[in-house]
1. Could you tell me which residue of region 144-195 is farthest from V49 (Cα to Cα), considering only residues that are in contact with a Gly (Cβ under 8 Å, 6 or more places away or on another chain) and open to solvent by 60 Å² or more (accessible area, probe 1.4 Å)?
2. Can you tell me which of E64, E83, E115 is free of Cβ contacts under 8 Å to residues at least 40 places away in the same chain, open to solvent by 80 Å² or more (accessible area, probe 1.4 Å) and part of a helix (DSSP H, G or I)?
3. Given the options E92, E46, name the one that is in contact with an Asp or Glu (Cβ under 9 Å, 6 or more places away or on another chain), at pLDDT 95 or above and surrounded by fewer than 18 Cβ atoms within 10 Å (Cβ to Cβ).
4. How many of the residues in region 15-29 are open to solvent by 20 Å² or more (accessible area, probe 1.4 Å) and assigned to a helix (DSSP H, G or I)?
5. Every residue in region 86-112 that is in a loop (DSSP other than H, G, I, E, B) and in contact with a strand residue (DSSP E or B) (Cβ under 8 Å, 6 or more places away or on another chain), please.
6. Looking at A105, A110, which one is free of Cβ contacts under 8 Å to residues at least 60 places away in the same chain, of a type outside the set (D, E) and open to solvent by 70 Å² or more (accessible area, probe 1.4 Å)?
7. Inspect region 89-96 for any residue being farther than 28 Å from S22 by Cα and not basic (K, R) and give the result as yes or no.
Amino acid sequence: MVPADSPLRTVHDLVDQWRRDSGGVVVGGGSIGSLDHLLAGSAAAEAGVGPAGLNYIAYSGGGEMVAALLGDHLDVGVANTDEISDQVAAGELRVLGVSAPQRTADLPDAPTLREAGIDIVLSNWRGLVAAPGITAEQAADMRAFARELTATPQWRDALRRNGWLDGFQDGPAFDRTLAAETDRIREITEELGLA
(Lines give C-alpha, C1' and ligand atoms only; values in the text may rest on other atoms or scores of the structure.)
Protein backbone atom coordinates (compact mmCIF):
# COMPACT_ATOMS: atom_id res chain seq x y z
CA MET A 1 0.00 0.00 0.00
CA VAL A 2 0.93 3.63 -0.45
CA PRO A 3 -0.32 6.95 0.91
CA ALA A 4 -3.43 8.07 -0.94
CA ASP A 5 -1.54 10.91 -2.64
CA SER A 6 1.35 8.73 -3.83
CA PRO A 7 2.27 8.96 -7.51
CA LEU A 8 2.46 5.14 -7.49
CA ARG A 9 -1.01 4.16 -8.73
CA THR A 10 -0.47 0.47 -9.56
CA VAL A 11 1.90 -2.40 -8.84
CA HIS A 12 3.40 -1.76 -12.28
CA ASP A 13 4.19 1.83 -11.29
CA LEU A 14 6.09 0.42 -8.30
CA VAL A 15 7.96 -2.07 -10.48
CA ASP A 16 8.87 0.71 -12.94
CA GLN A 17 10.08 2.95 -10.10
CA TRP A 18 12.18 0.12 -8.66
CA ARG A 19 13.77 -0.43 -12.05
CA ARG A 20 14.57 3.28 -12.40
CA ASP A 21 15.88 3.79 -8.84
CA SER A 22 15.76 0.60 -6.78
CA GLY A 23 17.47 1.96 -3.69
CA GLY A 24 15.33 5.09 -3.80
CA VAL A 25 12.08 3.21 -3.11
CA VAL A 26 11.76 2.90 0.67
CA VAL A 27 9.60 -0.05 1.73
CA GLY A 28 8.44 -0.67 5.28
CA GLY A 29 6.92 -3.67 6.98
CA GLY A 30 7.33 -6.16 9.79
CA SER A 31 10.57 -7.46 11.23
CA ILE A 32 13.45 -8.79 9.16
CA GLY A 33 12.49 -12.25 7.91
CA SER A 34 8.78 -11.65 8.47
CA LEU A 35 6.18 -12.38 5.83
CA ASP A 36 6.15 -8.64 5.03
CA HIS A 37 9.90 -8.71 4.37
CA LEU A 38 9.63 -11.89 2.30
CA LEU A 39 6.84 -10.37 0.21
CA ALA A 40 8.82 -7.18 -0.37
CA GLY A 41 11.86 -9.26 -1.36
CA SER A 42 9.78 -11.39 -3.73
CA ALA A 43 8.29 -8.29 -5.34
CA ALA A 44 11.75 -6.74 -5.73
CA ALA A 45 12.97 -9.96 -7.33
CA GLU A 46 9.95 -9.94 -9.66
CA ALA A 47 10.88 -6.37 -10.61
CA GLY A 48 14.36 -7.60 -11.48
CA VAL A 49 16.19 -5.57 -8.85
CA GLY A 50 16.89 -8.47 -6.48
CA PRO A 51 17.60 -8.21 -2.77
CA ALA A 52 20.38 -5.67 -3.27
CA GLY A 53 17.79 -3.28 -4.68
CA LEU A 54 15.43 -3.61 -1.73
CA ASN A 55 15.57 -0.64 0.65
CA TYR A 56 13.53 -2.21 3.50
CA ILE A 57 12.86 -0.74 6.93
CA ALA A 58 11.60 -3.17 9.56
CA TYR A 59 9.05 -2.18 12.21
CA SER A 60 7.94 -4.10 15.26
CA GLY A 61 4.28 -3.61 14.46
CA GLY A 62 1.87 -2.59 11.74
CA GLY A 63 0.84 0.56 13.59
CA GLU A 64 4.39 1.93 13.58
CA MET A 65 4.80 1.15 9.89
CA VAL A 66 1.47 2.76 8.98
CA ALA A 67 2.43 5.88 10.95
CA ALA A 68 5.76 6.04 9.08
CA LEU A 69 3.96 5.58 5.76
CA LEU A 70 1.41 8.30 6.54
CA GLY A 71 4.25 10.52 7.79
CA ASP A 72 6.01 10.31 4.39
CA HIS A 73 8.97 8.34 5.78
CA LEU A 74 8.21 5.42 3.45
CA ASP A 75 7.15 5.10 -0.17
CA VAL A 76 5.45 1.71 0.17
CA GLY A 77 4.21 -0.40 3.06
CA VAL A 78 3.53 -4.10 3.47
CA ALA A 79 1.08 -5.30 6.14
CA ASN A 80 -1.82 -7.60 6.88
CA THR A 81 -5.12 -6.29 5.54
CA ASP A 82 -6.57 -6.00 9.04
CA GLU A 83 -3.78 -3.56 9.95
CA ILE A 84 -4.66 -1.13 7.16
CA SER A 85 -8.33 -1.57 6.22
CA ASP A 86 -9.46 1.33 8.43
CA GLN A 87 -6.96 3.72 6.81
CA VAL A 88 -7.95 2.48 3.37
CA ALA A 89 -11.64 3.04 4.17
CA ALA A 90 -10.79 6.54 5.46
CA GLY A 91 -9.03 7.34 2.19
CA GLU A 92 -5.60 7.74 3.80
CA LEU A 93 -3.99 4.69 2.19
CA ARG A 94 -4.38 3.05 -1.20
CA VAL A 95 -3.69 -0.63 -1.81
CA LEU A 96 -1.68 -1.49 -4.90
CA GLY A 97 -2.27 -5.22 -4.56
CA VAL A 98 -2.80 -8.11 -2.18
CA SER A 99 -0.68 -11.24 -2.15
CA ALA A 100 -3.58 -13.55 -1.31
CA PRO A 101 -4.73 -16.10 -3.88
CA GLN A 102 -8.00 -14.18 -4.31
CA ARG A 103 -9.37 -10.77 -3.45
CA THR A 104 -10.11 -10.27 0.22
CA ALA A 105 -13.50 -9.38 1.72
CA ASP A 106 -12.09 -6.43 3.67
CA LEU A 107 -10.35 -4.92 0.59
CA PRO A 108 -12.57 -6.08 -2.30
CA ASP A 109 -11.36 -3.39 -4.73
CA ALA A 110 -7.69 -4.26 -4.32
CA PRO A 111 -6.46 -6.57 -7.10
CA THR A 112 -4.38 -9.61 -6.30
CA LEU A 113 -0.78 -9.42 -7.42
CA ARG A 114 -1.55 -12.20 -9.89
CA GLU A 115 -4.40 -10.14 -11.35
CA ALA A 116 -1.86 -7.36 -11.80
CA GLY A 117 0.46 -9.73 -13.67
CA ILE A 118 2.91 -10.28 -10.79
CA ASP A 119 3.17 -14.03 -10.12
CA ILE A 120 3.31 -13.90 -6.31
CA VAL A 121 0.95 -15.52 -3.84
CA LEU A 122 2.15 -15.28 -0.27
CA SER A 123 -0.41 -15.68 2.47
CA ASN A 124 -0.15 -15.40 6.22
CA TRP A 125 -1.61 -18.80 7.01
CA ARG A 126 -1.67 -20.74 10.24
CA GLY A 127 -1.50 -24.46 10.94
CA LEU A 128 -2.17 -26.87 13.76
CA VAL A 129 0.67 -29.29 14.33
CA ALA A 130 1.41 -31.95 16.93
CA ALA A 131 4.57 -33.22 18.54
CA PRO A 132 6.31 -36.13 16.86
CA GLY A 133 5.42 -39.60 18.05
CA ILE A 134 1.64 -39.34 18.23
CA THR A 135 -0.24 -42.40 17.08
CA ALA A 136 -2.12 -42.62 13.78
CA GLU A 137 -5.36 -42.71 15.78
CA GLN A 138 -4.45 -39.52 17.67
CA ALA A 139 -3.58 -37.78 14.39
CA ALA A 140 -6.89 -38.87 12.86
CA ASP A 141 -8.78 -37.60 15.92
CA MET A 142 -7.04 -34.22 15.70
CA ARG A 143 -7.80 -33.92 11.98
CA ALA A 144 -11.46 -34.81 12.60
CA PHE A 145 -11.65 -32.23 15.38
CA ALA A 146 -10.18 -29.54 13.12
CA ARG A 147 -12.66 -30.42 10.34
CA GLU A 148 -15.52 -30.17 12.85
CA LEU A 149 -14.33 -26.76 14.04
CA THR A 150 -14.07 -25.37 10.52
CA ALA A 151 -17.65 -26.47 9.79
CA THR A 152 -19.15 -24.43 12.62
CA PRO A 153 -21.04 -21.14 12.23
CA GLN A 154 -18.54 -19.59 14.66
CA TRP A 155 -15.67 -20.39 12.29
CA ARG A 156 -17.55 -18.91 9.32
CA ASP A 157 -18.27 -15.81 11.42
CA ALA A 158 -14.58 -15.52 12.38
CA LEU A 159 -13.61 -15.75 8.69
CA ARG A 160 -16.05 -13.01 7.77
CA ARG A 161 -15.29 -10.76 10.75
CA ASN A 162 -11.51 -10.94 10.26
CA GLY A 163 -11.46 -10.90 6.47
CA TRP A 164 -9.75 -14.30 6.39
CA LEU A 165 -9.82 -16.73 3.48
CA ASP A 166 -10.64 -20.33 4.32
CA GLY A 167 -7.73 -22.43 3.11
CA PHE A 168 -8.37 -25.42 5.35
CA GLN A 169 -6.35 -28.52 4.51
CA ASP A 170 -5.47 -31.60 6.48
CA GLY A 171 -3.61 -34.86 6.11
CA PRO A 172 -1.52 -35.40 2.96
CA ALA A 173 -2.76 -32.17 1.31
CA PHE A 174 -1.50 -30.11 4.26
CA ASP A 175 1.75 -32.11 4.32
CA ARG A 176 2.35 -31.22 0.64
CA THR A 177 1.49 -27.56 1.24
CA LEU A 178 3.78 -27.38 4.26
CA ALA A 179 6.67 -28.94 2.32
CA ALA A 180 6.16 -26.62 -0.66
CA GLU A 181 5.86 -23.52 1.54
CA THR A 182 8.97 -24.50 3.51
CA ASP A 183 10.96 -24.84 0.27
CA ARG A 184 9.61 -21.56 -1.08
CA ILE A 185 10.30 -19.60 2.12
CA ARG A 186 13.81 -21.08 2.31
CA GLU A 187 14.45 -19.93 -1.27
CA ILE A 188 13.22 -16.39 -0.56
CA THR A 189 15.22 -16.10 2.67
CA GLU A 190 18.35 -17.30 0.86
CA GLU A 191 17.78 -14.70 -1.89
CA LEU A 192 17.47 -12.02 0.79
CA GLY A 193 20.68 -13.24 2.45
CA LEU A 194 18.87 -14.27 5.63
CA ALA A 195 19.78 -17.97 5.58
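1. From region 144-195, those in contact with a Gly (Cβ under 8 Å, 6 or more places away or on another chain) are 174, 178, 188-189, 191-192, 194; that's our starting set.
Next, from what is left, pick out any that are open to solvent by 60 Å² or more (accessible area, probe 1.4 Å): 178, 191, 194.
Values: L178: 28, E191: 12, L194: 17 Å.
Within region 144-195, the match that is farthest from V49 (Cα to Cα) is L178.
2. Values: E83 fails: open to solvent by 80 Å² or more (accessible area, probe 1.4 Å); E115 fails: part of a helix (DSSP H, G or I).
Sole residue among the options that is free of Cβ contacts under 8 Å to residues at least 40 places away in the same chain, open to solvent by 80 Å² or more (accessible area, probe 1.4 Å) and part of a helix (DSSP H, G or I): E64.
3. On the way: E46 fails: at pLDDT 95 or above.
It is E92.
4. Within region 15-29, the first condition is being open to solvent by 20 Å² or more (accessible area, probe 1.4 Å), and the residues that meet it are 16-17, 19-24, 26.
Cutting the leftovers down to assigned to a helix (DSSP H, G or I) gives us 16-17, 19-20, 22-24.
Counting residues in region 15-29 that are open to solvent by 20 Å² or more (accessible area, probe 1.4 Å) and assigned to a helix (DSSP H, G or I) gives 7.
5. If the condition is that a residue be in a loop (DSSP other than H, G, I, E, B) and in contact with a strand residue (DSSP E or B) (Cβ under 8 Å, 6 or more places away or on another chain), then E92, V95, L96, G97, S99, A100, P101, Q102, R103, A110, P111 are the ones that fit.
6. Just one listed residue meets the conditions, A105.
7. Yes, some residue in region 89-96 is farther than 28 Å from S22 by Cα and not basic (K, R).
A quick yes/no check of all residues on (1) of a type in the set (G, A, S); (2) touching a Leu at 6+ places or on another chain (Cβ under 7 Å):
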position: A4; (1), (2): yes, yes
position: R19; (1), (2): no, no
position: G24; (1), (2): yes, no
position: G28; (1), (2): yes, yes
position: L39; (1), (2): no, yes
position: A43; (1), (2): yes, no
position: A52; (1), (2): yes, no
position: I57; (1), (2): no, yes
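The values are calculated or read from the model by the stated rules, or taken from the named source; none is laboratory data. Values in this document were obtained by computation on a predicted structure and should not be read as measured data. Positions of Cβ are generated from backbone atoms using ideal geometry, with glycine treated the same way; all protein chains shown enter the neighbour counts. All accessible areas refer to the heavy atoms of the entire protein, side chains included, with ligands and DNA or RNA removed. Shrake-Rupley method; radii C 1.70, N 1.55, O 1.52, S 1.80 Å.
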